[in-house]
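Report on the following structure.
The values are calculated or read from the model by the stated rules, or taken from the named source; none is laboratory data. For clarity, every value in this text was computed on a predicted model and none was experimentally measured. When we count neighbours, we look across all protein chains shown, and the Cβ atoms used for this are built from the backbone with ideal geometry, even at glycine. Ligands, DNA and RNA are stripped out before the accessible areas are found, and what is left, the full protein with its side chains, is counted by its heavy atoms. Shrake-Rupley method; radii C 1.70, N 1.55, O 1.52, S 1.80 Å.
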Amino acid sequence: MSSIITNNSAMSALSTLRNINNNLNTTQDRISTGLKVSSGKDNAAYFAISETMKGDSGMTKAVNESLTLTKNSVATARLGAEQFSDLATEFRDKVAFAQENKGGLDEIEADLTRLVADMGAILSQSTFNGDDLVNAGGKQTDGTTDASGDSSFTAAGVYAAEGTASGAAAERTVITGVSRDSAGNLTTTSIKVAPVDLNAQKEMFRAIADGFSGKAGSATGEAYLSAVLTKADEATKATVDAATSLGQSEKSIERQQEFLTKLSDNLDSGVGAMVDANMEEEAARLQALQVQQQLASQSLSIANQAPQNILSLFR
């Protein structure tokens, strides 16, 4: 039956064209955005998972960036500690040299005093952005006395008091990662970074250098030199331990940063696999839909001409 009121062919062709246009719009959106899942209506499960993973990736990158500051602080302190250790070794060697060379004690004392000054300069510069991991800002005495007593070695080699109130910072906790437990709750991982107190060793060396020539050349010089050499060796070993501790912390942070970089890349890759559009497929689909759109338009045009044939019945 033919009708001028209802054109079933045209309605069918229009429905086909409408579906093709919707698919074409979807494909064009994917091509323009690069995403096949851009909102919850596209794929609710993938959208929810991808948004969570994006957040985790962002937190991982933020932790990685914050670790950069900590690593730089530790690296600066480690560099200062290593240089300080080299000076401490040289200081100890000069004290040992004085045991067999009594004639140049004044020159040796001058060298020791200069080494102590260099140690102080190194400590004062071994901070990063105000972060002091070597007690560069530790309280110091004037070289004679403080509230705890005489800070200098006696002629007999007795060290009455250290004379330094340690200002070294306490051990700190450094967040190294963020993850989720089985319930989806955020959890963190961390490492411990222990600052060192090189200022105490510097004060020990300063106390040895203070009046070194007169005490080493006195009647009790042998006992004095033996005592201060032991103290200098202990202080030197302490500086090596300090540099080693900071180096271990720095290496641990570097390993964690390397892992975090790979982890964030993996998270981003996982998100991309779920929501990114396959551009090769979308390009091929676009070409096919454009052809279908042209054919559907022709079909609708033909269907719309059908009522014209009814006119021939009235001629």
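Identify which of SER301, SER218, SER124 has the largest mean-square fluctuation in a Gaussian network model of the chain, with springs joining Cα atoms closer than 10 Å. Between SER301, SER218, SER124, it is SER301 that shows the largest mean-square fluctuation.
Where only protein heavy atoms count, and the probe is 1.4 Å, what is the accessible area per residue for the chain in Å²? The partial results should precede the final answer.
Values: 17210 Å² over 315 residues.
Here the residues of the chain average 55 Å² of exposed surface.
Between helix 105-125 and the chain there is an angle of about 20 degrees, using the helix long axis and the longest principal axis of the Cα atoms. Computed from the Cα positions only, the extents of the chain along the three principal axes stand at 145, 36, 27 Å, in decreasing order. Summing charges over neighbours of LEU35, with a neighbour being any other residue whose Cβ is under 9 Å away from its Cβ, gives -1 when K and R count +1 and D and E count -1. Under the combined filter of DSSP loop state and at most 14 neighbouring Cβ atoms within 10 Å, the range 23-56 retains these trypsin sites (Lys or Arg not before Pro): LYS41. The relative contact order of the chain, computed from alpha carbon pairs under 8 Å that lie at least 6 residues apart in sequence, is 31 percent. Taken about its Cα centre, the chain carries a charge dipole of roughly 2160 debye when the Cβ of each Lys and Arg holds +1 and the Cβ of each Asp and Glu holds -1. Computed from phi, the 3J(HN,Hα) profile of the range 237-246 under the Karplus parametrisation 6.51, -1.76, 1.60 (θ = phi - 60°) reads 4, 5, 5, 5, 4, 5, 5, 5, 4, 5 Hz, with x in place of Gly and Pro.
Determine the share of the chain's accessible area contributed by carbon and sulfur atoms, expressed in whole percent, with a 1.4 angstrom probe.
Working: 8850 of 17210 Å².
Carbon and sulfur atoms account for 51 percent of the accessible area of the chain.
Dipole orientation for the chain: of the candidates VAL174, ALA75, ASN22, ASN22 has the Cα lying most toward the positive pole (charges on Cβ; Lys, Arg +1; Asp, Glu -1). Across the range 183-194, rounded Karplus estimates of 3J(HN,Hα) from the backbone phi angles (6.51 cos²θ - 1.76 cosθ + 1.60, θ = phi - 60°) give 8, x, 7, 6, 10, 10, 10, 8, 10, 9, 10, 9 Hz, Gly and Pro being marked x. Loop sites here are GluC sites (Glu not before Pro) outside DSSP states H, G, I, E and B with no more than 15 other Cβ atoms within 10 Å. The longest part of the chain free of them is 172-315. Taking amide H positions as modeled 1.01 Å from N, with prolines and chain starts lacking one, the residues under 5 Å from GLY177 and 5 or more places away or on another chain are THR189.
Any idea what angle helix 198-209 forms with the longest principal axis of the chain, computed on alpha-carbon atoms, 0 to 90 degrees, nearest 10? Once rounded, one gets 20 degrees.
When the chain is treated as a GNM with alpha-carbon contacts under 10 Å, the residue of ALA88, ALA296, ALA183 showing the greatest mean-square fluctuation is ALA183. Candidates VAL193, THR236, MET119 compared by Cα position along the dipole of the chain: farthest toward the positive end lies VAL193, with charges placed on Cβ. Between ILE310 and ALA45, the contour length at 0.36 nm per residue exceeds the Cα-Cα span by 90.1 nm. For the chain, the longest principal axis of the Cα atoms and the long axis of helix 8-33 meet at an angle of about 10 degrees. Farthest toward the positive end of the dipole of the range 26-96, out of VAL63, THR33, THR89, is the Cα of THR33, where the dipole comes from beta carbon charges about the Cα centre.
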